[in-house]
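Working notes for the structure below.
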Amino acid sequence: MSLDVSRIRQDFPILNREVRPGVKVVYLDSTATSQKPLSVIEAMNDFYRRSNANIHRGVHVLAEESTAMYEQAREKIAKFINAPSARQVIYTRNTTESINLVAYTWARANLKRGDLVILTEMEHHSNLVPWHMLAAERGIQLEFIPVTDDGLLDLGTYKSLLARTPKLVSFTHMSNVLGTINPAADIIRRAHDAGAVTVLDAAQSVPHLKVDVQQLDVDFMAFSAHKMLGPTGIGALYGKTALLEAMPPFLGGGDMIKEVKLRSFRPNELPYKFEAGTPAIAEAVGFGAAVDYLNSIGMETIAAHEHEITEYALERLEEIPGLKVFGPTADKKGGVASFTFDGVHPHDVAQILDQDGIAIRAGHHCAQPLHEKFGIPATSRASFYLYSTKDEVDKLIEGIYKVKKVFG
Amino acid sequence: MDDLYREVIIEHYKNPSYRGKLDPHDISFADNNPLCGDHIQIDLRVDDGKVSEARFDGHGCAISQASADLLVESVIGKSLEDVKKMNRQDILDLLGIELGPVRLKCALLSLKVLKAGVYGLGEASDALVE
C-alpha cells in the first residue's frame with residue numbers, strides 16, 4: 001500500500017512552519033531527530049493536563065492512572081519490536097544510555113582483561129566511547145569489522161575475528177552516515193556460534209524498518225524515541241531475560257529496589273531493577289503514542305516510501321558534477337544521503353541551504369573514525385522519513401546548485 | 001546569505017594571501033573545531049615584542065579559513081600585548097558580518113589559536129575569545 005504523504009504531513013504541525021518570511025522549512029534532518037505528529041504532542045500534553053502523578057506505589061487515582069499509562073506504553077514498545085515480554089524493555093534516556101547500561105552492568109560483570117569485544121568502523125560514538133572507557137579501565141581488547149569502499153561491512157574479516165573467540169559483538173543495524181543496513185541476523189548468528197553476546201545499536205533501524213528481536217535473536221538492543229516520532233529524553237534497552245536477571249543493577253536509588261536496609265539493599269525485579277529514580281513519565285506516554293502512530297501507517301509502507309524517496313534522491317544527487325555520495329546503493333541502505341561537494345565545506349553547504357529553509361546536517365555526525373576512514377573531515381547529510389517528499393528532494397538539488405554559484 | 005558569503009570572504013577563502021608555514025618561527029600553535037573538523041595552525045615570527053611575520057595553515061569552512069587569513073593579515077606589525085587584547089568583536093569587524101552561535105565558533109577558531117600561542121598555553125580554551 002502506498003503512503004499518502006500529503007495527508008501524513010498534515011499530522012506534523014512543524015512542517016508548515018516558515019523559518020523565514022515566505023520560506024517554509026524543508027526538513028531533511030530526521031536521522032538526527034524526527035519531527036513529532038500531533039498525536040504524540042497531544043498525548044504528552046493530555047498526560048500533564050489530566051493524569052500527572054508519580055508512578056508506582058501511589059494509591060490515588062492520578063498515580064494509578066499515570067502508572068498504567070507508563071506501563072501500557074512499555075507494552076506497546078515491547079510489541080512493536082516483538083519482545084516476548086514487556087519486562088524485557090527497560091526505559092533509558094536514549095540509545096547512548098542503553099549501550100552504556102550494558103557496558104556498565106553486563107560488561108563489567110562479565111569481561112576481564114584481555115577479553116575481545118568486536119565493534120565496526122561505522123559505529124556512532126555512542127557505540128565506541130563506552131567500550132573505549134571500559135578498555136581503559138579493564139584492559140579489554142577492541143577489534144573492528146572494516147568498512148569497504150562502497151560502505152558495507154567486510155564480513156570476511158569478521159569471520160577471522162570470530163576465530164579469536166570474542167566475548168561481545170556490538171554493532172549498528174543501520175549506519176547514521178552511510179545508511180548501510182547491516183545483515184544483523186547473520187552477524188548475530190555467527191557471533192552466537194562463536195560464543196559471543198550481541199548488542200545491536202538500532203537507533204536508526206527501529207524508526208524505519210520492521211525490527212523483530214526474536215527473529216534477530218539479539219541479546220541486547222538499544223533505540224531512542226526521538227528518532228521514531230517520539231519525544232527526546234527517553235529510549236529503551238531490550239534484553240534477553242536470563243541476561244538481564246543475572247546483571248547487576250545500573251544506577252542506584254528509588255524504584256530499582258525491593259528492600260533497603262541502612263547498610264544494604266535488594267534490587268527490584270525486571271524491568272524496574274534498571275530504572276532508578278522518577279523516570280520520564282510523560283515522555284514514555286509520548287513514546288507509546290509514537291508507536292501507535294507508526295503502527296497506524298505500517299512499517300512496511302513507511303520503509304517502501306523511504307526507499308522510493310532515497311532512490312530518487314541518490315539519482316538526482318549523482319547528476320550533480322563534483323558531488324560524491326558515500327555509502328552503498330539504494331537497495332542496501334536506509335533514507336540517508338551523506339555527500340561531499342566540490343571542495344565546499346559541508347558547513348558552507350548547510351548554511352547556504354538554510355537560506356532556503358532546507359535543514360540538513362553538516363559535520364562528522366558523531367562518527368569521526370568513519371570519516372577518517374574515507375579521508376574526509378566532514379560530510380553534508382540529507383535524511384528522509386515518512387513525511388519526506390520528492391518535491392523536497394528537488395529543493396535540495398536546487399539549493400546545491402546555488403552553493404555552486406556562491407562558490408563559483 | 002549574500003551577507004554571510006560576501007565577496008571578500010569568498011575571496012580570502014579561495015585565494016588567501018597568508019596561507020603557509022614559517023620555518024623558523026617563534027610561536028606556533030594549532031587547534032581543531034571538533035564540531036566541523038576545522039583545523040587552523042598559526043606561525044608567528046616576533047621581533048622586539050612585535051609580530052614581524054605571520055602565516056596560517058589548515059582546512060575547514062569558508063568562514064574559518066577566511067577569518068584566519070584576515071586575522072593573520074591584521075596582526076602583522078602588532079605588539080604581542082595588543083594581540084592579547086583582541087576579542088570576538090575584532091574578528092566580526094574583520095569579517096564584516098553577523099554570525100549565529102554555531103558559525104561564530106568557526107570564525108573564532110583562528111583567534112583562539114593565535115591567543116593560545118601568544119600566551120604560551122598548552123591548550124586553547126573558549127575563554128580566550130569571549
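Things worth noting here:
- A single member of A:A236, A:A246, A:A242 is touching a Phe, Trp or Tyr at 6+ places or on another chain (Cβ under 7 Å) and not assigned by TED's automatic domain parsing to the domain that holds A:A303, and it is A:A236.
- Within segment B:30-46, being within 16 Å of the chain's Cα centre (by Cα) and more than 27 Å from A:Q351 (Cβ to Cβ) holds for B:D43, B:L44, B:R45.
- When each of A:T120, A:T96 is tested for being at pLDDT 95 or above, surrounded by 17 or more Cβ atoms within 10 Å (Cβ to Cβ) and closer than 18 Å to A:P279 by Cβ, the lone residue that passes is A:T96.
- Flag for A:G179 being assigned by TED's automatic domain parsing to the domain that holds A:I118 and within 29 Å of A:E71 (Cα to Cα): no
- Matching residues, segment A:276-331, being assigned to a loop (DSSP other than H, G, I, E, B) and within 21 Å of A:Q35 (Cβ to Cβ): A:A280, A:G298
This table checks each residue for (1) in the same structural domain as A:M69 (by TED's automatic domain parsing); (2) among the hydrophobic types (A, V, I, L, M, F, W, C).
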{"site": "A:D292", "(1), (2)": "yes, no"}
{"site": "A:I302", "(1), (2)": "no, yes"}
{"site": "A:E306", "(1), (2)": "no, no"}
{"site": "A:T310", "(1), (2)": "no, no"}
{"site": "A:A313", "(1), (2)": "no, yes"}
{"site": "A:I320", "(1), (2)": "no, yes"}
{"site": "A:V325", "(1), (2)": "no, yes"}
{"site": "A:P328", "(1), (2)": "no, no"}
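- If the condition is being out of contact with any Leu (no Cβ under 8 Å at 6 or more places or on another chain) and outside any helix (DSSP H, G or I), then segment A:93-111 contributes A:R93, A:N94, A:T105.
- Selected residue (criterion: farthest from the other protein chains (Cβ to nearest Cβ)) from residues of segment A:353-364 that are within 18 Å of B:D38 (Cα to Cα) and modelled with pLDDT of 90 or more: A:R361
- Residue within segment A:380-391 that is touching a helix residue (DSSP H, G or I) at 6+ places or on another chain (Cβ under 7 Å), buried (at least 18 other Cβ atoms within 10 Å of the Cβ) and within 12 Å of chain B (Cβ to nearest Cβ) present: yes
- Residue within segment A:80-89 that is farther than 19 Å from A:N268 by Cβ and loosely packed, with under 15 Cβ neighbours inside 10 Å present: yes
- Among the residues of this structure, A:E123 counts as one that is within 30 Å of A:G151 (Cβ to Cβ), part of a loop (DSSP other than H, G, I, E, B) and among the acidic types (D, E).
- Residue count for segment A:333-347, restricted to those that are in contact (Cβ under 8 Å) with a residue 60 or more places away in the chain, outside any strand (DSSP E or B) and surrounded by 21 or more Cβ atoms within 10 Å (Cβ to Cβ): 2
- Just one of the listed residues (B:I63, B:I76, B:I27) is within 14 Å of another protein chain (Cβ to nearest Cβ) and hydrophobic (A, V, I, L, M, F, W, C), namely B:I63.
- Test set (1) surrounded by fewer than 19 Cβ atoms within 10 Å (Cβ to Cβ); (2) under 18 Å from B:L4 (Cβ atoms) - A:A350 fails condition number: (1)
- Test: A:K333 is farther than 18 Å from B:I63 by Cβ and over 19 Å from the mean Cα position of the chain (by Cα): no
- A:V285 vs. criteria crowded, with 21+ Cβ neighbours inside 10 Å and closer than 29 Å to A:R20 by Cβ: no
- From the options A:V169, A:V211, A:V206, A:V199, residue that is among the β-branched types (V, I, T), crowded, with 24+ Cβ neighbours inside 10 Å and in a loop (DSSP other than H, G, I, E, B): A:V206
- As a summary of the residue check, A:I360 satisfies the conditions (1) over 29 Å from A:F144 (Cβ atoms); (2) touching a strand residue (DSSP E or B) at 6+ places or on another chain (Cβ under 6 Å); (3) buried (at least 21 other Cβ atoms within 10 Å of the Cβ); (4) not hydroxyl-bearing (S, T, Y) except for the one numbered (1).
- Residue within segment A:187-195 that is within 28 Å of A:E121 (Cα to Cα) and part of a loop (DSSP other than H, G, I, E, B) present: yes
- Qualifying residue in segment B:86-95 (condition: within 30 Å of A:Q355 (Cα to Cα), within 14 Å of another protein chain (Cβ to nearest Cβ) and at pLDDT below 90): no
- Of residues in segment B:1-39 being touching a His at 6+ places or on another chain (Cβ under 9 Å) and among the hydrophobic types (A, V, I, L, M, F, W, C), the one modelled with the highest pLDDT: B:A30
- Verdict on A:E318 being buried (at least 22 other Cβ atoms within 10 Å of the Cβ) and either closer than 24 Å to A:M247 by Cα or of a type outside the set (S, T, Y) (or both): no
- Test: residue in segment A:2-17 that is in contact with a helix residue (DSSP H, G or I) (Cβ under 9 Å, 6 or more places away or on another chain), at pLDDT below 95 and surrounded by 15 or more Cβ atoms within 10 Å (Cβ to Cβ): yes
The values are calculated or read from the model by the stated rules, or taken from the named source; none is laboratory data. Model, not experiment: these values are computed from the prediction. All Cβ positions, glycine included, derive from the backbone under ideal geometry; neighbour counts span all protein chains shown.
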